[in-house]
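Read the figures in this text as sums done on the coordinates, not as results from a lab. It should be emphasised that the depicted structure is a prediction, and the values quoted were computed from it without experimental measurement. Don't worry about glycine lacking a Cβ; one is built from the backbone with ideal geometry, like all the others, and counts go over all protein chains shown.
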């Protein structure tokens with residue numbers, strides 16, 4: 001009796017176990033949620049490979065006048081408290097800054113950046129920071145990460161800088177490797193004294209006496225996104241009154257400072273602003289490797305084999321600010337992102353007759369210059385010729401006659417350290433946008449005025465309000481640094497100062513999956 | 001059941017299954033009372049705020065300002081679909097559908113509306129319609145890699161694997177990113193390239209959007225699932241833990257981790273995980289798993305509550321598209337309602353040729369003692385040489401019943417080699433069946449040896 005009861009009980013247990021396991025694994029591990037088939041994420045934005053801004057300017061830091069600083073940013077709208085993994089560069093992305101010094105829209109010099117993440121304690125799932133020493137009984141909790149090689153920096157990312165000179169014929173020259181990116185600015189306990197303890201030590205000097213930095217920075221781009229994208233319903237067209245939509249967000253920055261002569265066509269410092277080697281074109285890209293869906297010789301391979309080893313495809317590109325957002329039509333954005341400046345003739349019509357100009361005309365009831373807008377073609381696609389403005393020897397012309405959208409910098413125009421203007425050329429400051437771009441240049445106001453024709457290049461429309469347009473935001477929320485890498489200290493993920501962070505900007509952007 | 005009652009009940013259950021999540025619980029309280037119509041737009045967003053909410057609000061503002069522009073409705077639909085993912089409450093998909101309906105009224109041929117509609121149809125498991133819609137979108141804009149994701153998914157579910165490979169290749173060539181790597185991973189996995197599947201999903205994890213925690217967690221869960229398929233339980237569980245850290249209480253990750261805990265015989269933890277998962281999404285399979293775990297640890301009353309819920313959903317689940325195959329497999333494994341299960345599986349097979357539909361048909365035919373038909377079906381299920389222990393186990397049992405000892409032995413040992421613990425009981429059954437086969441072979445080998453000895457006369 002007892003035995004039979006027990007046997008029944010065992011059978012029952014077995015039966016329930018069968019039921020349990022059959023149910024657990026019935027839809028197989030491949031279809032682990034009953035509520036749906038295998039549905040890949042809906043949002044297909046790719047922020048880790050998304051260029052947000054490019055900057056190029058003669059270094060303004062004392063003693064660095066023989067250098068050019070190139071900065072490229074990635075990963076828009078980083079939430080400072082975005083743990084546990086926070087924001088790293090993507091080890092699988094090829095990040096590049098490219099320089100054309102001949103005007104054909106093809107890169108002559110390329111700086112490549114490849115990242116590798118290490119895991120100090122691979123068994124922990126805490127992410128970027130982990131109290132590894134406290135857990136091992138060899139250290140405390142506070143402060144947690146006090147140096148770049150602190151064992152509590154659990155996911156340090158190192159990188160390699162490679163320089164490719166098209167004319168040298170070599171595949172590429174590794175300039176530096178094993179450089180460390182600082183952790184994100186997580187908070188006062190985890191990353192105390194962030195700027196001095198972690199960010200500044202991550203500025204490395206290169207063999208040519210230049211410098212490099214890769215890591216998190218404050219988002220230095222300032223704009224009233226809501227006003228601009230809400231059919232130009234600007235809250236103000238003055239210097240105040242707008243809302244800095246990017247305030248409170250961080251980005252990931254790669255900044256490299258190199259001697260002037262390492263970028264020019266001649267390989268030397270140009271004799272003056274009108275010299276034939278004075279202007280360079282700069283843009284940044286990101287590329288990902290494609291792969292064969294079905295690999296040949298499947299089945300007998302080891303996990304460690306190079307499996308995703310197909311060619312790189314460019315997925316993002318950025319030279320002049322706001323071109324992809326404002327000039328290129330929505331349906332061509334992917335095409336533009338995958339394209340090279342040498343083939344930009346296909347996009348010329350959008351610059352020659354931009355929709356934004358028609359919108360400005362309709363919204364503000366103003367006259368705008370008629371198409372074709374050769375003034376805009378010069379700013380964005382060919383460079384501004386010599387003697388277009390009276391006064392200084394100013395030119396950004398770099399063109400073989402066809403349009404190439406790049407950020408053009410005349411490296412022979414000295415930096416303005418005495419009276420820089422956020423409005424660059426429109427503010428009488430030839431060292432700023434559209435001659436390259438400094439971190440503080442107010443590109444939104446400048447471009448709004450340029451598209452409206454409120455510039456000296458189109459005298460008939462260089463009147464108010466065309467030449468006073470703006471989004472009402474004239475300053476960044478965080479002070480810029482006066483030294484390399486110039487962009488400000490990133491917001492702390494555990495900030496107690498200032499207003500609670502609002503998410504309005506991400507949502508104001510018409511992001512469709 | 002009277003036809004009319006049955007119809008009402010079918011409609012009821014279909015609505016619930018489509019609405020899903022919390023809506024199910026609400027519906028349980030209202031059985032027979034309401035008609036579960038999707039609410040009118042605009043709607044207030046309730047409960048926990050997720051990253052989709054601000055977008056929903058911004059879309060509603062856009063619609064308010066420009067009710068005759070399609071963009072606002074598209075954004076609203078996309079945001080509701082995202083909200084459905086983030087909350088596991090698939091009731092939000094009905095709101096997405098309503099928004100797309102408005103969008104189509106404004107513009108029948110808007111690219112984004114059509115593409116979103118294709119994605120919504122995929123969520124509804126209306127794969128053939130989803131494919132047609134995605135192809136319509138593709139004709140309008142052939143270079144949008146995102147739409148090739150929808151085409152790939154539909155073709156995979158319909159069982160057109162060569163077509164799916166072509167679409168996924170196009171997708172990853174147009175734009176390699178997390179979404180395209182995830183498709184590459186799944187197709188490799190289906191075609192038996194486990195190492196390649198793991199590798200591609202590792203890249204998908206690295207490339208995942210950090211501002212989309214649900215999506216990033218999704219990639220980690222699927223990486224874990226691929227690792228489970230090669231028996232790397234510890235690594236897999238770390239991915240599930242990581243997913244839960246990124247997106248706390250993610251039902252997909254909770255259930256996945258619970259599977260590891262059950263295999264490790266850590267039932268207390270498994271129960272806790274399933275309870276948390278069920279609290280987020282009351283899906284029948286989690287309810288049954290939890291009910292059985294309760295039963296096993298002697299909590300009969302708790303178990304009964306789960307079974308009552310399952311019975312409610314099961315009662316006419318056969319008529320709804322969403323869970324039908326899973327319910328049929330459930331009945332097959334339990335050895336009950338085999339006629340009904342077979343009807344479902346056969347009907348499903350007429351509209352889909354994917355390997356899991358073929359597998360379900362094979363297993364149900366086997367349970368109905370229709371072995372030679374089961375063999376044809378399981379051969380179809382294995383046509384990609386998928387390294388899935390569950391498929392191989394089914395094949396082993398079917399070939400054993402056919403008397404093909406060699407193939408049965410091969411399939412069963414393959415299943416156990418991939419993961420000796422692929423299923424607590426079924427892997428024991430697989431082991432026992434394999435032992436029987438080996439014993440048979442020894443016995444007959446012994447007999448042959450014995451007789452040859454005799455013949456040899458030594």
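Observations
- Debye intensity ratio I(q)/I(0), log10, the range B:334-456, q values 0.19, 0.22, 0.23 Å⁻¹ (C-alpha model): -0.99, -1.22, -1.29
- Cβ-based exposure ranking for A:406, A:128, in which fewest neighbours within 10 Å come first: A:128, A:406
- Sequence of A:171, B:296, A:118 once ranked by neighbouring C-beta atoms within 10 Å, starting from the fewest: A:171, A:118, B:296
- From the Kirkwood radius over Cα pairs of the range B:45-96, Stokes-Einstein at 25 °C and 0.890 mPa s returns a whole-number translational diffusion coefficient of 227 µm²/s.
- Cα-based helix-to-principal-axis angle, A:443-452 vs chain A, degrees rounded to 10: 50 degrees
- In the protein assembly as shown, the DSSP-assigned H stretches of four residues or longer account for a calculated mean residue ellipticity at 222 nm of -14000 deg cm²/dmol, using -39500 (n - 2.57) per stretch and the full residue count as denominator.
- Among A:471, A:344, sorting on how many other beta-carbon atoms sit within 10 Å of each Cβ, with the fewest leading, yields A:344, A:471.
- Site pair residue B:439 and residue B:308 shows an inter-label distance of 4.5 nm when each label is modelled 7 Å from Cα along Cα→Cβ.
- The range B:334-456, relative contact order [Cα under 8 Å, separation at least 6], %: 16 percent
- Counting all C-alpha pairs of the protein assembly as shown, share separated by more than 56 Å (%): 20 percent
- Seen from all directions on average, the range B:201-304 presents a Cα convex hull projection of 6.4 nm².
- By average C-beta atoms within 10 angstrom, highest first, the peptides B:138-146, A:437-445: A:437-445, B:138-146
- Inter-label distance, nm, simple model (7 Å from Cα along the C-beta direction), residue A:236/residue B:128: 6.1 nm
- Working from Cα pairs under 8 Å separated by at least six residues, relative contact order for chain A is 19 percent.
- Percentage relative contact order, the range A:100-198, counting C-alpha pairs under 8 Å, at least six apart: 30 percent
- Between the Cα long axis of helix A:355-364 and the first principal axis of chain A there is an angle of about 70°, rounded to the nearest 10.
- Label-point separation, residue B:406 to residue A:266 (7 Å along Cα→Cβ), nm: 8.1 nm
- Tilt relative to chain A, helix A:2-25 - C-alpha long axis, 0 to 90 degrees, to 10: 10 degrees
- Overall shape of chain A was characterised from the C-alpha gyration tensor. The equivalent ellipsoid obtained from it has semi-axes of 46, 27, 25 Å, in decreasing order.
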